[in-house]
Amino acid sequence: MIAPGAWLGLLGGGQPYVQQFVEAVRCVKALLLMTHGPSLDAKRLLDNTEDFLATVPVQDVQVVLQALFARASARHCELMNDHGAFYDAVFAFATYGKAAGVPILDGEMTTVAYKAAMAALLAPRIHNFGRLLTFAPFADALEASTSEKWVYHLCKLCNSGDVDGYTKFVADNAKLIGSIPDLHAATQSTLPKKVRLMALLHLCFHTSAEQRTFPLSQIGQRCNVAPDEVEPLLLQAFALRLIEGKIDGLKGEVEITWVQARVLSVEEIAALADRLAAWRKVVADTVKTVEEAAKDIPS
């Protein structure tokens, strides 16, 4: 059910908004066409709407159109097993849908949150799960669920780069994971790499910028990889632009010069605040020392 005011907003704003109303109807039609599976006609409708949205300043797009387009796009991506695109679209629908009067119902929230978590685990280029873990509607639904809470726990292990915890979880839940073919396949290929990459990012985040020159042995220990696998892991992180830096093979170390921005958990924000407080103290102590030394300089 769409809030009546949302439709009136589309119809009452002149010709540009009439076209947005037309595009909203196309999104509804696309959803209906995808009721029983993928539809080329639905894809064409969504492509047309996407082309139209590209011509309109984002602040002028009515929220009901944004919500319907995100919902239809999420459905299409789900049917096509495009996990990365689905992950983005489902957050957009959850956000715009509530504002437009087409929210995800309480009875559906756990299912949608579960699909979002699975998309994060399966999408090849999603390594940071912070967006999912800090999005209250999804996180709360999964934590409260007796049957789906496990996937939330698995995402937390991956996000924190807890290699040992992840390995134990997969072993302890082999039957459950084996019943989900896509997830089982991911645990044999992409997921272990994701966890190790997140372990690397975690190490970088919790190390101050001026100290981010690590022995390769430290990387291997934190990421739980053999010595000959450390450089390939770093090169993969460079290729994915998760980090930037340079490896010194002669010294057996790596200097990290940049780390990709990530969505932080509450605990990580608290840790960052502590580091900033410590940095401010260092700066204040330095200023005080300089001021004291300046007193001895003849005027």
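The values are calculated or read from the model by the stated rules, or taken from the named source; none is laboratory data. Quick caveat: nothing in here was measured; it's all calculated off a predicted structure. Cβ coordinates were reconstructed from backbone atoms using ideal geometry, including for glycine residues, and neighbour counts include every protein chain displayed.
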query: In region 224-266, how many are in a helix (DSSP H, G or I), small (Gly, Ala, Ser) and in contact (Cβ under 8 Å) with a residue 12 or more places away in the chain?
result: 1
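Looking only at region 48-76, which residues are within 24 Å of residue 116 (Cβ to Cβ) and either surrounded by fewer than 20 Cβ atoms within 10 Å (Cβ to Cβ) or touching a strand residue (DSSP E or B) at 6+ places or on another chain (Cβ under 8 Å) (or both)?
Scanning region 48-76 gives 50, 53, 58, 61, 63.
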query: Looking at 245, 220, which one is of a type outside the set (Lys, Arg), touching a Ser or Thr at 6+ places or on another chain (Cβ under 6 Å) and more than 27 Å from residue 136 (Cα to Cα)?
result: 245
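Listed here are the residues, each with its yes/no results for (1) part of a helix (DSSP H, G or I); (2) more than 14 Å from the chain's Cα centre (by Cα); (3) closer than 27 Å to residue 260 by Cα.
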| position | (1), (2), (3) |
| --- | --- |
| 132 | yes, no, yes |
| 137 | yes, yes, yes |
| 154 | yes, yes, yes |
| 170 | yes, yes, no |
| 176 | yes, yes, no |
message: Given the criterion at pLDDT 95 or above, on the phi < 0 side of the Ramachandran plot, of a type in the set (Phe, Trp, Tyr) and in contact with an Asp or Glu (Cβ under 8 Å, 6 or more places away or on another chain), identify the matching residue among 214, 138.
response: 214
- request: Scan region 15-43 and report the pairs whose first residue is without any contact (Cβ under 8 Å) to a residue 12 or more places away in the chain and whose second residue is in a helix (DSSP H, G or I), with Cβ atoms within less than 7 Å and a gap of 6+ or a chain change.
  value: 18/11; 39/33; 41/33
message: Condition (residue is over 18 Å from the mean Cα position of the chain (by Cα), surrounded by 18 or more Cβ atoms within 10 Å (Cβ to Cβ) and among the aliphatic types (A, V, I, L, M)) applied to region 200-212: is it met by at least one residue?
response: yes
- prompt: Across region 91-113, what is the number of residues that are surrounded by fewer than 19 Cβ atoms within 10 Å (Cβ to Cβ) and either under 15 Å from the mean Cα position of the chain (by Cα) or closer than 12 Å to residue 66 by Cβ (or both)?
  reply: 5
